[in-house]
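Here's the structure we're looking at; comments come further down.
The values are calculated or read from the model by the stated rules, or taken from the named source; none is laboratory data. Note that the structure is a prediction, hence the values are computed from the model and not measured. No Cβ is skipped: glycine too gets one built from the backbone with ideal geometry, and neighbour counts run over all protein chains shown.
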Amino acid sequence: MPASPLSRRDFLKLGGIALLATALGRVDLSQADTPPTPIFYHGSRRYPRIALTYDDIQLVTRLHMLENILDQNPEARITLFPVGNALATVEAKDPGIWKRFYGKGHEFGYHSYYHDNLAVYKPQQVVDDYDKWLDALAQVLGEQPTVHFARPPYDIISNPFMYMSGQRGLIPTLFSIGGGGPAAFVMNAIRKYQNGDIVQFHTREQPDSQDMTTTSQAIPFLNSRGVQCVTLSQLYDDVLRDQINATGCDAGAGQSLTRTCLEQ
């Protein structure tokens, strides 16, 4: 199968977006210790996989709805981006709820502690914010999880956020399909999916957000098309495989987020 025309070029393009933002004054990378990791908008277009991601997660009622949907679709995996101060409050209302998601193979990513605009923070303050968020996550999970991805509140890519991502080895992550709004509107976007898409949902009160309704429709729709709902790690893993070899990994050729090529 020929190499995806988007695999290497997209990563160069994503790096270019960060540089363009710098030129516009939105991101100052002059103090970065290392070149920034390209922003992750979507995975490989070669594999029939999509990542469903959920921001904020401040409402236990919405989380219960999501849990029920996933229990009805046990093959699906998602990535959660909870804010830090919601971890303890949700846990208090349903002890063990975060462990249930984690134990079923769902993934967690950083989304700030208080859902502040991180662009107004100093770089070290964002590092401290991440560490505080990670401590809160470890507290509710009962163990230190591995975190690979970070998504800024309000989707604002800023120098402090990029600095923290570099310092803590996180992948700055946005999305290629935005959730929110009427379910029919979002489902129309999902029906036009491409392999590797990242879908952003939230867990807000309906009718302001109908993302749980959309989720209950989206997973069966994608399954009927032979598309897996996977974690962001799986999508990023596919991208790294494309970078190593267009037809898959050669034995011993590098290491991905979740496995070595030799293990495949």
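Would you be able to say whether some residue in the range 162-182 is surrounded by 18 or more Cβ atoms within 10 Å (Cβ to Cβ), in contact with a helix residue (DSSP H, G or I) (Cβ under 7 Å, 6 or more places away or on another chain) and either within 15 Å of residue 48 (Cβ to Cβ) or at pLDDT below 95 (or both)? Yes. The number of residues in the range 188-208 that are without any contact (Cβ under 8 Å) to a residue 40 or more places away in the chain and surrounded by 18 or more Cβ atoms within 10 Å (Cβ to Cβ) comes to 1.
Within the range 87-118, track down each residue that is among the polar types (S, T, N, Q) and touching a Pro at 6+ places or on another chain (Cβ under 8 Å). Scanning the range 87-118 gives 112, 117. Applying the selection to the range 137-153, what residues are out of contact with any Lys or Arg (no Cβ under 9 Å at 6 or more places or on another chain) and crowded, with 20+ Cβ neighbours inside 10 Å? Those that are out of contact with any Lys or Arg (no Cβ under 9 Å at 6 or more places or on another chain) and crowded, with 20+ Cβ neighbours inside 10 Å: 137, 148, 149, 151, 152. Selection over the range 106-124 of residues that are acidic (Asp, Glu) and over 13 Å from residue 137 (Cα atoms) gives a count of 1.
Just to confirm my filter: which helices (runs of 4 or more DSSP H) fall fully inside the range 132-245 and include at least 2 residues that are at negative phi and within 13 Å of the chain's Cα centre (by Cα)? Give the derivation first.
Numbers: elements: 159-168, 183-190, 211-224, 232-244.
Correct list: 232-244.
The criterion of at least 3 residues that are of a type outside the set (Gly, Ala, Ser), within 15 Å of residue 142 (Cβ to Cβ) and touching a strand residue (DSSP E or B) at 6+ places or on another chain (Cβ under 9 Å) is met by the following helices (runs of 4 or more DSSP H) wholly inside the range 60-105: 97-103.
Across the range 55-82, the number of residues qualifying as crowded, with 22+ Cβ neighbours inside 10 Å and either more than 18 Å from residue 218 (Cα to Cα) or polar (S, T, N, Q) (or both) comes to 4. Whenever a residue of the range 37-54 is buried (at least 20 other Cβ atoms within 10 Å of the Cβ) and modelled with pLDDT of 95 or more, its partners that are part of a strand (DSSP E or B) and of a type in the set (Lys, Arg), lying with C-beta atoms within less than 7 angstrom and at least six residues away or across chains, give the pairs 43/49.
Please count how many residues of the range 106-130 are among the acidic types (Asp, Glu) and outside any helix (DSSP H, G or I). Walk me through how you get there before you give the answer.
Kept after step one, since they are among the acidic types (Asp, Glu), are these residues of the range 106-130: 107, 116, 128-129.
Add one more test, that the residue is outside any helix (DSSP H, G or I), and what stays is 107, 116.
Residues meeting the conditions: 2.
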